Amino acid sequence: MNSIEKNVAKGTIEETQIEAGFIVLKFQNDTKDTQCIVREIDNSFIQFHFCLKGSSKFNFNKGNYMLNITADNSLLLYNPEQDLPLNQEINADSWLITFLISIKKFHSLFSQEADYITFLSDDNKHKKYYKDGEISPSIAIVLNQLFNFNLNDSVKNLYFKGKIYEFLSLYFNRSNDADFEQCPFLVDESNVIKIRKAKDIIISKMAEPPSLQELADEIGLSLKKLKEGFKQIYGDTVYSFLFDYKMEHAKKLLETNQYNVNEVGNTIGYSAASHFIAAFKKKYGTTPKRYITSL
């Protein structure tokens, strides 16, 4: 598996090749500006696009045709007759994840299901295909777990591959009750909204985050359901997720060369520089100052 990460105007673009014909792209624009992403994609690939936060616009045919995608919505695109290069405008404070799967790889996974998956049938397999819709709660869990991957890099390949196969199973599941069977806690989709709200609250207040009980009260869930739901959707505890987010935010601030170590530490909630330095070293294995020097 090859993984390439680039920083563009404080945004992050990460491309990971799981295996031949299987690519994951993660776009994280935490800036206040729109970012433009251009990438060649030939007509042998099926494109799955998911917006987890904010919004984005896809430009086709030299800008003559556009498709918008907003938070909690998805696009599936496939056209065997022509290439569909990625020409994307990612708006401020927006997160997206894209799966690119070659039609050859896709056929190998679903050939027995060609009658069910309409664009794989003999009548349609050479036609273009387009589908949009809301992201279901069960798929939202998988996508957020991929986006907030927090395990050792040595198991990243296995984890990503397993999660993408899980996603494909859920996306093309025939059962109307798939979401409920996948996650009994999320039978009520309003719980997903509440958990997402909890994540947004702790990020917006990362310098002085509320207690777990205060957070549970604010979103209208019990403490137990908050803990269980957050772990299920984001793959981590509330404060462990926040720690990783704060360290990533600190790293991006340091990369701008506009703030000193003290200022960055204060921004994310460390009143003592020594505590921030220790936390940063625990996360990245180096001090903030050495990290800046390495750049």
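The values are calculated or read from the model by the stated rules, or taken from the named source; none is laboratory data. Note that the coordinates shown come from a computational prediction; the quantities given were computed from them, not determined experimentally. Every residue, glycine as well, gets a Cβ built from its backbone with ideal geometry; the counts of neighbours run over all protein chains shown.
Here is how the numbers come out for the structure above:
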| read-out | value |
| --- | --- |
| Residue check for Glu263: surrounded by fewer than 17 Cβ atoms within 10 Å (Cβ to Cβ), under 17 Å from Lys205 (Cα atoms) and within 18 Å of the chain's Cα centre (by Cα) | no |
| Which numbered condition Ile292 misses (of (1) outside any helix (DSSP H, G or I); (2) modelled with pLDDT under 90) | (1) |
| Condition met for Tyr234 (under 25 Å from Asn152 (Cα atoms), surrounded by fewer than 20 Cβ atoms within 10 Å (Cβ to Cβ) and hydroxyl-bearing (Ser, Thr, Tyr)) | no |
| Test for Ala273: is it over 22 Å from Asn29 (Cβ atoms), in contact with a Gly (Cβ under 8 Å, 6 or more places away or on another chain), surrounded by 14 or more Cβ atoms within 10 Å (Cβ to Cβ) and small (Gly, Ala, Ser) | yes |
| Flag for Leu221 being assigned to a loop (DSSP other than H, G, I, E, B), touching a residue at least 24 places away in the same chain (Cβ under 8 Å) and buried (at least 19 other Cβ atoms within 10 Å of the Cβ) | yes |
| Residue tally, condition without any contact (Cβ under 8 Å) to a residue 60 or more places away in the chain and among the basic types (Lys, Arg), over the stretch 246-266 | 2 |
| Unique residue being over 22 Å from Ser190 (Cα atoms) and either within 24 Å of the chain's Cα centre (by Cα) or without any contact (Cβ under 8 Å) to a residue 40 or more places away in the chain (or both) when the list is Ser240, Ser204 | Ser240 |
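One line per residue, one yes/no per condition, for (1) over 13 Å from the mean Cα position of the chain (by Cα); (2) in the same structural domain as His249 (by TED's automatic domain parsing); (3) at pLDDT 90 or above; (4) not in a loop (DSSP other than H, G, I, E, B):
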| site | (1), (2), (3), (4) |
| --- | --- |
| Asn59 | yes, no, no, yes |
| Gly63 | yes, no, no, no |
| Leu67 | yes, no, no, yes |
| Leu75 | yes, no, yes, yes |
| Pro80 | yes, no, no, no |
| Asp83 | yes, no, no, no |
| Gln88 | yes, no, no, yes |
| Leu96 | no, no, yes, yes |
| Phe99 | no, no, yes, yes |
